[in-house]
Each structure stands twice: as structure tokens, then as C-alpha cells.
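The values are calculated or read from the model by the stated rules, or taken from the named source; none is laboratory data. The shown structure was predicted, so the numbers you read here are calculated from the model rather than taken from an experiment. Backbone-built Cβ (ideal geometry, glycine too); neighbour counts: all protein chains shown.
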Amino acid sequence: MSAPSLWRQQILPFSLAVVLLAAVTLLGDYLLHRVELVWIGRYLGIPGTILILASLTYSLRKRKVISWGEPKRLLAFHEFTAWLGSLLVLLHAGIHFTAILPWLATVAMGINVISGMVGKFLLNRSRRHVQQQRDRFQLRGLPLPEAERALFWDAVTLDAMAKWRRIHIPIFVVFAVLALGHIVSIFLLWGWK
């Protein structure tokens, strides 16, 4: 009997979570249009942005900028508030194509959310999966070279996923700059009369 694949156990659930975020966004936007409450979406960017900013407490704690809070709980808070804030920002963006800057920020945010979910859903679970498979092969008495051959594609996948932080943080910076540009342009172009 072959071991369960990394793809089926880890990558597929991650993919489904990304599809769920997109589906909830599309459904929410559809419902706002259907009940003629599109104007609410215009203001969802504010609480969404606040939630995304609040999610940064985990990063601040991890880098020792702040000393309060338990890292494990702050990580759970980071994941929840970043996901919910992103959902609100996506609902704010809706399907309206009125300017390029907000859409660039939305795309950068989407990529950042996906890269963050890679860390959450895949990396730790995948490490455990590969180690469990090694242990299982060792218990069955499979020689190490054969075990490594059997785990080759899982190990390649794990190695590629382990590099996720190298793109997560720079993409967040791009998102932050674009989002700040969008917010500044809103204040500059707002009808303040």
C-alpha cells in the first residue's frame, strides 16, 4: 500500500481554502449588488485595512519590537485578522474597475494572502508528512536510498514550499506601498466640500 501523497493531504486542502476565499468574496459582492447595498462595499476597505494592520502584531512580536503576547496566540490572531481583513478589502474592491492603483494593491494583497496561507496550511504540515513517511519506511525496514527515492517528489515539493517567506514579506511591502498610495489618493481626490 502506498503512502498518502503530500499533494492530496496538504496542497489540495490549501487550494480549496484559496478557492473558498474567492467564492466568499464573489458571493458577498453578488449579494451586495443583489440587495442594492453596493455602497456598503465602498466602506469595507476601512475595517479591512484596520484588521490587516492589527494582524501585524504577530510580526512585531516575532521581531521583538513588542514583548507582550504569546507568539502562538498572536499567530492565530494574525492568520484570522489577515484573512478576514483581506476578505473585507476584496469585498471593498468588488468587481469595479475604476482605477489601476487600487487593483494593483488588491492583486498584491491577494498574492500576499496566498503566500501567507502557504506558510499556514502547507509548510509545517508538509514537514511532518515527509518525516512521518520517512519513519514509516524506516519501520518497514526499507533501506535509506529506497526510502529517499520514494520520497523524492515530496521532498522537492517541501523544499520549494520552504522558500515561501522569501516572497511573503517583499510582497507584503509591495502591497503596503500600493495600499498606502490608494489611501493617499482617496484623501487627495475626495470631494471635501
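With V38, V24 as the choices, which residue is within 12 Å of L87 (Cα to Cα), among the β-branched types (V, I, T) and out of contact with any strand residue (DSSP E or B) (no Cβ under 8 Å at 6 or more places or on another chain)?
Values: V38 fails: within 12 Å of L87 (Cα to Cα).
Selected residue: V24, the only one of V38, V24 that is within 12 Å of L87 (Cα to Cα), among the β-branched types (V, I, T) and out of contact with any strand residue (DSSP E or B) (no Cβ under 8 Å at 6 or more places or on another chain).
Determine whether I169 is modelled with pLDDT of 80 or more and either crowded, with 18+ Cβ neighbours inside 10 Å or among the aliphatic types (A, V, I, L, M) (or both). Before you say what the answer is, go through the steps one by one.
On the way: modelled with pLDDT of 80 or more: yes; either crowded, with 18+ Cβ neighbours inside 10 Å or among the aliphatic types (A, V, I, L, M) (or both): yes.
For I169, the condition - modelled with pLDDT of 80 or more and either crowded, with 18+ Cβ neighbours inside 10 Å or among the aliphatic types (A, V, I, L, M) (or both) - is met.
Tell me, which residue of the range 91-110 that is of a type outside the set (A, V, I, L, M) and assigned to a helix (DSSP H, G or I) is modelled with the highest pLDDT?
Of the residues in the range 91-110, the ones of a type outside the set (A, V, I, L, M) are 92, 94, 96-98, 102-103, 106, 110.
Now drop any that are not assigned to a helix (DSSP H, G or I), which leaves 92, 102-103, 106, 110.
Numbers: H92: 89, P102: 81, W103: 82, T106: 85, G110: 85.
Checking each candidate, the answer is H92.
Of the residues F152, F187, F175, F121, which single one is farther than 17 Å from L51 by Cα and buried (at least 19 other Cβ atoms within 10 Å of the Cβ)?
Working: F152 fails: buried (at least 19 other Cβ atoms within 10 Å of the Cβ); F187 fails: buried (at least 19 other Cβ atoms within 10 Å of the Cβ); F175 fails: farther than 17 Å from L51 by Cα.
Among F152, F187, F175, F121, only F121 is farther than 17 Å from L51 by Cα and buried (at least 19 other Cβ atoms within 10 Å of the Cβ).
Here is a list: L88, L142. Which entry is modelled with pLDDT of 85 or more and surrounded by 15 or more Cβ atoms within 10 Å (Cβ to Cβ)? Walk me through it before giving the result.
Details: L142 fails: modelled with pLDDT of 85 or more.
Only one candidate qualifies: L88.
Under 8 Å between Cβ atoms, at least 6 apart or on separate chains: pull out the pairs that start in the range 109-128 with a residue that is closer than 14 Å to E79 by Cα and without any contact (Cβ under 8 Å) to a residue 24 or more places away in the chain and end on any residue that is charged (D, E, K, R) and assigned to a helix (DSSP H, G or I).
Cβ pairs passing all conditions: none.
Which residue pairs have Cβ atoms closer than 6 Å, lie 6 or more positions apart in sequence or on different chains, and pair a first residue in the range 141-169 that is without any contact (Cβ under 8 Å) to a residue 24 or more places away in the chain and farther than 19 Å from R8 by Cβ with a second residue that is part of a helix (DSSP H, G or I) and hydrophobic (A, V, I, L, M, F, W, C)?
A147/F137
Answer with yes or no whether R134 is charged (D, E, K, R), at negative phi and buried (at least 17 other Cβ atoms within 10 Å of the Cβ). Don't jump to the end; show me each part of the working.
Working: charged (D, E, K, R): yes; at negative phi: yes; buried (at least 17 other Cβ atoms within 10 Å of the Cβ): yes.
So R134 fits the description; yes.
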